[in-house]
């Protein structure tokens, strides 16, 4: 069975990493059985065979694969008989999902870090807190408390910045078109980050993105269980 090292808080059920969620959703979309292994920042030795010190890291047989994007590309190439992550069939052009990846990471993630970092800190394993605080405060040049001072305003700004996605969904059911693709999971993973990391719904209840999120519920449910359920059709 495929193993996925998945960032966890002090409570093992707290799994908020958007990058790990991308990988779990990709595995669930492909209908692949997997076990999401809780991992914490002080356990870098556990993933050393991957050559990196961050998660997600997937172990597929004797292959160790890090980074959610590389994991998605591997899954589509290694399991071509399963639903494609970048289109109806495996091997489709990943350009659309790559654009979504870069847009979210460069434009939206910086906002969400200001929303989530302090809440995430409080939910971390005690052995992770010193590293997390020092690394994030060094990157931002201020304390976690100062970073998060305008969290509510940043969350509202984030909601406004989702307008292009709402426009896309006016003419098609998923960001990937008629069926969900990795582009959808990149966004859904980001929403999971906020919902789990700071116990806040990232979407207003009246948001037109809510029906889209509900349509992805079956894949999300499989990802949450840590065990994919093979299907004959797309997600």
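Residues are listed down the side, and each one gets a yes or a no for (1) surrounded by fewer than 14 Cβ atoms within 10 Å (Cβ to Cβ); (2) outside any loop (DSSP other than H, G, I, E, B):
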site: 69; (1), (2): no, yes
site: 81; (1), (2): yes, no
site: 84; (1), (2): no, no
site: 90; (1), (2): no, no
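Could you list, in sequence order, the residues of the stretch 137-176 that are more than 20 Å from the chain's Cα centre (by Cα) and over 23 Å from residue 201 (Cβ atoms)?
Within the stretch 137-176, 137, 138, 139, 140, 141, 142, 143, 145, 146, 171, 172 meet the criteria.
Return the only residue of 201, 184, 207 being under 17 Å from the mean Cα position of the chain (by Cα), in a loop (DSSP other than H, G, I, E, B) and at pLDDT 95 or above.
Selected residue: 201, the only one of 201, 184, 207 that is under 17 Å from the mean Cα position of the chain (by Cα), in a loop (DSSP other than H, G, I, E, B) and at pLDDT 95 or above.
Please determine whether any residue of the stretch 122-132 is farther than 24 Å from residue 53 by Cβ and touching a residue at least 60 places away in the same chain (Cβ under 8 Å).
Taking every residue of the stretch 122-132 in turn, none turns out to be farther than 24 Å from residue 53 by Cβ and touching a residue at least 60 places away in the same chain (Cβ under 8 Å).
From the list 14, 52, 43, which one is in contact with a strand residue (DSSP E or B) (Cβ under 7 Å, 6 or more places away or on another chain), at negative phi and not in a strand (DSSP E or B)? Before you say what the answer is, go through the steps one by one.
Working: 14 fails: in contact with a strand residue (DSSP E or B) (Cβ under 7 Å, 6 or more places away or on another chain); 43 fails: in contact with a strand residue (DSSP E or B) (Cβ under 7 Å, 6 or more places away or on another chain).
Result of the check over 14, 52, 43: 52.
Within the group 165, 118, 98, which residue is touching a helix residue (DSSP H, G or I) at 6+ places or on another chain (Cβ under 6 Å), in a helix (DSSP H, G or I), modelled with pLDDT of 95 or more and surrounded by 12 or more Cβ atoms within 10 Å (Cβ to Cβ)?
118
Would you confirm whether any residue within the stretch 42-51 is out of contact with any helix residue (DSSP H, G or I) (no Cβ under 7 Å at 6 or more places or on another chain), without any contact (Cβ under 8 Å) to a residue 40 or more places away in the chain and under 24 Å from residue 216 (Cβ atoms)?
No.
On the given criteria, is residue 25 in contact with a helix residue (DSSP H, G or I) (Cβ under 9 Å, 6 or more places away or on another chain), surrounded by 20 or more Cβ atoms within 10 Å (Cβ to Cβ), assigned to a strand (DSSP E or B) and modelled with pLDDT of 95 or more?
So residue 25 fails the test.
On the given criteria, is residue 30 out of contact with any strand residue (DSSP E or B) (no Cβ under 9 Å at 6 or more places or on another chain), surrounded by fewer than 19 Cβ atoms within 10 Å (Cβ to Cβ) and farther than 16 Å from residue 193 by Cβ?
no
Could you list, in sequence order, all residues of the stretch 197-229 that are farther than 23 Å from residue 155 by Cα and touching a helix residue (DSSP H, G or I) at 6+ places or on another chain (Cβ under 6 Å)?
Across the stretch 197-229, the qualifying residues are 219, 222, 223, 228, 229.
Report, by residue number, each residue of the stretch 187-198 that is buried (at least 22 other Cβ atoms within 10 Å of the Cβ) and over 11 Å from the mean Cα position of the chain (by Cα).
The answer is 197, and nothing else.
The values are calculated or read from the model by the stated rules, or taken from the named source; none is laboratory data. Here the structure is a predicted model, which means the values were calculated and not measured. Heads up, the Cβs are rebuilt from the backbone with ideal geometry, glycines too, and the neighbour counts pull from every protein chain shown.
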